[in-house]
1. For the pair residue B:10 and residue B:92, how long in nm is the line joining their label points, each one 7 Å along Cα→Cβ?
2. Show me, bin by bin at 10 Å from 0, the whole-percent P(r) of region D:232-390 based on Cα pairs.
3. Taking chain C as a Gaussian network, where each spring joins two C-alpha atoms under 10 Å apart, which residue of C:117, C:367, C:281 fluctuates the most?
4. Given axes a ≥ b ≥ c from the Cα gyration tensor, I'd like to know whether region C:307-376 is rounded (a/c under 1.5), prolate (a/b larger than b/c) or oblate.
5. Mind checking the angle between helix D:323-342 and chain D's longest principal axis? C-alpha axes, 0 to 90 degrees, to the nearest 10.
6. Using only alpha carbon pairs under 8 Å that are at least six residues apart, calculate the relative contact order of region C:13-63 and give it in whole percent.
7. Ratio of Rg to Rh for chain B, alpha carbon only, Kirkwood?
8. In vacuo Debye scattering of region D:159-241, one point per C-alpha: log10 I(q)/I(0) at q = 0.18, 0.21, 0.24 Å⁻¹?
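Laboratory data are not the source of any read-out in this text; all were calculated from the coordinates shown. Computed from a predicted model, the values in this text were never measured in an experiment. Backbone-built Cβ (ideal geometry, glycine too); neighbour counts: all protein chains shown.
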């Protein structure tokens, strides 16, 4: 993680986060650990709670604890443990919150301490939907920076990182050959674009389902099939939901699917596939056929295979984002935290974009790490582009 | 042009442009003619001047004249004729201006009548650079809508329309086999993305040159080679400039190029390839080897082939945007003109974005014309996406 | 054409074809002219007749005549002129025949002089089908070398050359935007593969129709849709036949097609689209909408657009193979002619493959012309690969 | 494995292998087990030895033993155990041999019982090189069917199966993000083509190294970079050898590589990366950084990461071919064994191709299993294609 490493070195030298309490509700992985250490290097006190019970790497958690970070989260923990961990984190009184799904910011607001926060970062679309609803309601009391909407996040990490790792998760879980198969991608945001691109790159025929006419048109212009989800249900061999919305695949879709269909979710929450309806429909029984594959047998014998219990497949069945991607993402978060601390109360309560200069700085460092050089505009070109009468 | 056709029908019924004088400085092609007729159907008086001497289709111009449109422009006209035509259009006193390069809006402002305009549309990046410079200087006196920056324009028309037609122009001009060749794309905006995508789709190895770190990083993540233009100069078989900036390929690039290299420009103005330097370097002579290919022979015998005199290759060597693309583009312009007339003086002087609802309306109509149906959010999904506590 | 140029230089020095009469029934294009001149440089007497009335470039024909080559063929000539030209070529008494569709070899055999030939080359699948039928019947009396089945021909020229130029022809004829369209490729031989690859590269969704299970399976594994032609008829926006077989698209297909469908043929003969049935069905009339596009209006108003009268679209609507491709192809022919002359009567009557060493020689020269260097096996590697007990 | 399942059912009904002793030296995986059971269903006595110590799945081996199959092989066994197992299999006296690398056929010949065999199948290029050397030497005494060269094997299984699974192995071993990286594929046979295709599909920039001019030219025409391995050594982030030859990556390549380069082998034997030279060069030490990744630190601090000890990466780091691919491959083997038993002594000693009808039968069954229907030629089309004068 060369970008975050350079940030960490600077933080260690400047100690600009001295004594600031930073609470994080993130996936507990090796990469998150590096972010925690960068913040700690800057002088921050850091506490971490697991954003998802299946993504927790227990050895990482243990190592962080050894480094003095407060960590709460155990692989495979239940709903009540999750909530208890979150409540403890809220009670600890963080001044800044790093969030992945808005649970932490939500919890701090419910506890009535939202307006005491210097600010927060949120890294999921789902979380931002919730935070913007709070903003509209007037209940959001601190600035939140939408790191998820930074260009480096959406155009790079969501697209290339999750694009690769979601399919990687599907391959590890199932060992399916994608060439010759039809992959249905439900949702054509940045992550959906990445999954569609990689599925095609793996030899699949790709169908996209969307509700937004811009995105649907773009998918079509890229050569993908575009159709309503009910039509796609009949054609797909592999389904991947990545919309942020609930009940994207429901009973009426399951009823039309082919024997052997694979169902995976790459959205943040496990709400996109209607799990209840799936189980109800499986009158022929549910059985584990591989470690992360549950086969649901319908009344007529058709078998629908649910991956990772409908949880986000790149984390639950693979290793999440590749480290290179997390490097950019977490460098962005670290630089954003630094700014919220250095310039307190500058941003109004509400959801804010990452400043372009922060974003561009990360892209620049990333290119450098890849050994790629680029040109700069000549003074003559700059003049031309800024004058209206050449 | 099904989208524009439906707009025209509505305009004809509503006559909301009755008596309004609309001046246009656009490429005089069959598609432009359809836009002129849609505006005339709405009751507007329309006058048209050629934006580029090589794109004028004389038969189209003649037919428009027959329909009562004032048209000025002849295929292959010289600089002085061009300026005379533009001056006449300015003198005619348009209330709205449809521009392609900001020459008309510039002319109207130099004539001191900028603040009398209801507004203008501009459809090129180059034009917007100039208009924004005017905005910064405080010399822009009317609202200008940046139709070129509408999503349907950039993400669809620039990328897919120019992507295809620029390569089409290169093929028609040269009959080169792209498979196995190295194509260097200078500039990775929407148009450059489209050209790079299509060049790869044609079997070429593609190298991208960029000055913006975001775009450079994206090109690299898409698998393209990314390097400074001087390095690319040694590798390329085909070069396409599409930056909006002048002197992107200069003497130092020419000196490094391989024998037989093809040089094309897909940017609006013929300033991206340093034509003067190319001719100076061609001590071995310049000769026409195909109708739109001028071979420049360097001192050591290497031959550099300039396409279409460095003019925008998709218009000068092919037929410009395919009609489907122009359909979206011109529907957007027609709807924007209607809005500027219906809601006069609502927009402040300055450069404005196309309102998303106009943009989305075009995407919707386009999908319909392709026979593609899409889903809509269920009420439950809408609620979920708008609430912060599911 | 650097490869053919080097062959021509050697031929000129060695004069090994001195006095040999070579008859050719080929497309009369600039590239064919170069082949003719290479043979003439070797000392051969050369006579040329047009293989297709629409591909003849009259200026090329005129220039060849000026060089002393006997040329028969006029752009757009009718069936009877074609046959008269062929008859004259047969009567001239060639000792070797270069054929494109087996008409010349067929004519020579019907004239009873087949067994006097030193040999022939054939460069189309269609021609080979006919020649192999003759071989089975025992009526083929001379050796014919299937240059069309050389690796450089099939895997390179058919795939990349026709792949690009067939789509180029469709674009020039129609100016259609391929992105977002469904292109149906009927026939997935090397040429069909190339067209499918390039259509996908242009942003189209591609459907393949095949009768061979290997090819159908390969198309599917490449991510293309594969289905019977009747199903594809309902989905396609653009249809390209390239099977070598007659009546691939017939009345029952036309009846299912969408309004605006484009019909093109990339096979050698104009038999793949049932033109008679199409005209019969066009009770609403047939009209020219662009120079090479005839619109057939069905009873219900749907319009089916036939390109180039169903003739091979890359030649009839574009410029045929790019010169680079023809360079390889014609170098192969020249080297084959030389071999048939140098080693007369070595090959038995029948259809023969191009010897691999000739084929490999062409690939080697082509890589050199592209500036590409490759490795060679080390002696240790050669030993390993040739011993069974490493 | 639907294709093999149908074959097994027929075998069970016909019992045409009754009492025949079939020895197999194959990777001991779930798929191999299914082949063993199909042969046993036909009445054969079956014995199995592990072709590779790292691919053995011990639970599979145990289950097969439970089914009465003689199995020899333990995950991670050493060279001497491997040889002892093979010797025991030879001593058992098989009448047919299923081989993966020619070790079993080689052993049987060294034991002097080669001419007693009804025949053998071989499924690797490496094995065939050895067998053809034996054929040339006159030491091969039984017919061997090159199942590896069947169209379904090479064009489907090698390309799509290994293409996907080799990259899958690299991802599982390293969790590298392929987008933006340069992947160097050494060897562009069917497997190399598949790896190159999938690497590009994953967003990598792909460079191919080849010694064969046809293959090198094809790679170039597909848009890949093509260059000598020493040049590629400086550019690559990930290297995959798949040539069948030894010492493809050697000291001089390692010396030029970038810090962090990943080295994987997808060829049958672990000879393609010069492991000895790599260790010698690693004066900074060798350490395990992930379970299957050994980091070799050069004197100047650069780190070269060897995957899976240079063993075939799709088996050693992932799960080998996906089951669908093995289904086709093993159906081909089962049908070939049946033919060797039903038509004993028909084939001469030597290496033979799989008969096209067997091959085509497998493709047909595979398409059926994918739910894909295709057309058949009409009688009129058949007549046309078989007559020379339409």
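1. Once both label points are built, they end up 2.6 nm from each other.
2. In order of increasing distance, the bins hold 9, 25, 19, 18, 16, 9, 3, 0 percent.
3. Ranking C:117, C:367, C:281 by mean-square fluctuation puts C:367 first.
4. Values: a/c = 2.93, a/b = 1.23, b/c = 2.39.
Since a/c reaches 1.5 but b/c is at least a/b, the shape of region C:307-376 is classed as oblate.
5. Tilt of helix D:323-342: around 40 degrees.
6. Computed over region C:13-63, the figure is 47 percent.
7. The Rg/Rh ratio comes out at 1.00.
8. Relative scattering, expressed as log10 I(q)/I(0), comes to -0.65, -0.89, -1.16.
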